[in-house]
Amino acid sequence: MFNKILIANRGEIALRVIRAAREMGIRSVAVHSTADSDAMHVRMADESVCIGPPSSTQSYLSIPSIIAACEITGAEAVHPGYGFLSENAAFVQIVQDHDLTFIGPTADHIRVMGDKITAKDTMRKLGVPCVPGSEGGVDTLEDAKRIGEEMGYPVIIKATAGGGGKGMKVAQTAADMERAFMTARAEGKSNFGNDEVYIEKYLTTPRHIEIQVFGDGKGRAVHLGERDCSLQRRHQKVFEEAPGPTITQEERDRIGKICADACANINYIGAGTIEFLYENGEFYFIEMNTRLQVEHPVTEGIFGVDLVREQIRVASGLPMSFTQEDLKINGHAIEVRINAERLPNFAPCPGRITQYHAPGGLGVRMDSALYDGYSIPPYYDSLIGKLIVHGRDRPEALARLQRALGELIVDGVDTTIPLFDALLQEPDIHSGNYNIHWLEHWLETHLQPA
Ligand code: ADP
């Protein structure tokens, strides 16, 4: 096992990794920008290294600075968290070239899954059901129009390098195609340096269901059921739960086995998420994320396992500590993402926290790097905390969420807490009757932009 690991991240996820390391008796090294000198992850780690100015390109994304921080502190492995360098294959290669261990999958797996066209092709060959769509990339508007006609509208044009909801455009009819095709290409180019796009049938009422997988890199892999992340704004998740309110044990076993087998087949190592759209009882693969997800705690809640601990274990060469048979679902878990954003426009709202009080009690977990007097810097993501609740069943988890939100105090900045208070008044949330468009429609009618 490692003696010391470096966490190439910040905020709540850096704390999450530091906590797992400490429980395992591993020393932790935090890295930080000058804007984060007072951040909680710096205070909580055993050591810290300043790696650059506020801009993330010069700090959290600066590979030479991170490698230098490993060398200075003697860290043997790097945990990337999510975002930043977590899905950067070149980074993984450089880490390994310096005789360090990357706590995550191989550079090859990241590369294959990072290109959505290659990912889809690979998954299809591994027997994973996919959204019907173009075979590979679509280069010209003429081809795009022909495929649109053949497949039938609506269709979605997606940048193969896309992520975080960027580089995706829907064409409702043939008349929309030119705009959608050109915009998706332009967004792919400007955000990801790659203008290749592909086309998929646009599913009109799906749920977003994702399967958590875990592999040992030696041909053994398991699944940890699904998360339903259908409540989204601009293709970004805001509320996640496990198990999915509409998924039966039979469906879970079937799709879970397909995913675990696919991962075993490619010798996948560590945590991964295979994302699907789910409509009329069918699963359609959309992409695989080769990292720990923001919403991993709901899976930890219902299975009672520590996914970060497991990531560190397999990266150090130890076997997984559970088998598929060990993994039994217990109850229901829900996560809500608390962002420093001003409603109704969700404008980022950095600033000084004048008062912070985290909720507690049975079945409540608050993953956050906030503290009284902390100043949220304006340079990074607006996620400031995740409130995760666990109950014996879904109604109990919802009641607990409402109770915990009532205890949570974040003063000094605007947050998305009122959004969740309002959502919990909605019968559809209690019945689980929502799909990926539900929240956008609800926002249009309930939160009128100022
Ligand atoms: P990203 O990598 O940007 O997160 P994804 O491919 O994972 O993009 O898709 C994100 C979200 O976009 C999905 O959860 C879903 O809401 C929507 N989406 C993606 N593909 C389709 C599709 N074929 N039909 C309908 N909605 C889609």
Original post:
Whole-Å semi-axes of the stretch 44-101's equivalent ellipsoid, largest first, each the root of 5 times a Cα gyration tensor eigenvalue?
Top reply: 16, 15, 11
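Tell me, what is a quarter of the convex hull surface for the C-alpha atoms of the stretch 4-88, in nm² with one decimal? Don't jump to the answer; show the numbers that get you there.
Working: hull surface 18.7 nm².
One quarter of the hull surface, i.e. the mean projection, equals 4.7 nm².
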Original post:
Given the stretch 262-362 reduced to its alpha-carbon atoms as identical point scatterers, what log10 I(q)/I(0) does the Debye formula return at q = 0.10 Å⁻¹?
Top reply: -0.46
**OP:** Only helical DSSP H runs with n ≥ 4 go in: add -39500 (n - 2.57) per run for the chain, normalise by residue count and round the 222 nm mean residue ellipticity to 500 deg cm²/dmol.
**Re:** -10000 deg cm²/dmol
Original post:
From the Cα gyration tensor of the chain, with a ≥ b ≥ c the square roots of its eigenvalues, which class applies: rounded if a/c is under 1.5, or else prolate if a/b is larger than b/c, or else oblate?
Top reply: rounded
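How large is Rg/Rh for the stretch 344-449, to two decimals, with Cα atoms and a Kirkwood Rh? Please report the intermediate quantities before stating the final value.
On the way: Rg = 14.9 Å, Rh = 15.2 Å.
Here the Rg-to-Rh quotient is 0.98.
Using the per-residue mean of other Cβ atoms lying within 10 Å as a proxy for protection, in what order, highest first, do the peptides 270-283, 243-256 fall? Before the final figure, lay out the partial values.
On the way: 270-283: 20.5, 243-256: 16.6.
The peptides rank, most packed first, as 270-283, 243-256.
Over 31 Å between C-alpha atoms is what I'm after, so list which of Lys4/Lys386; Lys218/Lys328; Lys169/Lys328; Lys125/Lys145; Lys166/Lys328 land there.
Numbers: Lys4/Lys386 27 Å; Lys218/Lys328 23 Å; Lys169/Lys328 39 Å; Lys125/Lys145 27 Å; Lys166/Lys328 36 Å.
Among Lys4/Lys386; Lys218/Lys328; Lys169/Lys328; Lys125/Lys145; Lys166/Lys328, the Cα-Cα distance tops 31 Å for Lys169/Lys328; Lys166/Lys328.
Quick one: what do you get for the stretch 54-186 if you divide its Cα Rg by 2.2 N^0.38 Å? Each step should come with its number before you reach the end.
Numbers: Rg = 19.2 Å, N = 133, 2.2 N^0.38 = 14.1 Å.
Working it through for the stretch 54-186, the quotient is 1.36.
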Original post:
Remind me, relative contact order of the chain in percent, using alpha carbon pairs under 8 angstrom and six or more residues apart?
Top reply: 14
Original post:
Is the stretch 181-230 best put as rounded, prolate or oblate by its Cα gyration tensor, with a ≥ b ≥ c the root eigenvalues, rounded for a/c under 1.5, and otherwise prolate when a/b is larger than b/c, oblate when not?
Top reply: oblate
Original post:
So what J values fall out for the stretch 9-22 if you push phi through Karplus, 6.51 cos²θ - 1.76 cosθ + 1.60 with θ = phi - 60°, rounded to Hz, Gly and Pro as x?
Top reply: 6, 9, x, 4, 6, 5, 4, 4, 6, 4, 4, 5, 4, 4
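How high is the relative contact order of the stretch 132-201, given as a whole-number percent (alpha carbon pairs under 8 Å, six or more residues apart)?
Values: 138 pairs, mean separation 30.2, N = 70.
Dividing the mean separation by the residue count of the stretch 132-201 yields 43 percent.
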**OP:** Kindly rank 321-333, 223-235 from highest to lowest mean number of other beta carbons found within 10 Å of each residue.
**Re:** 223-235, 321-333
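Readers should treat all values here as calculations from the given coordinates under stated rules, not as data from a laboratory. Bear in mind the structure is a predicted one, so any value in this text is a computation, not a measurement. Glycine gets a Cβ as well: all are built from the backbone with ideal geometry, and neighbour counts include every protein chain shown.
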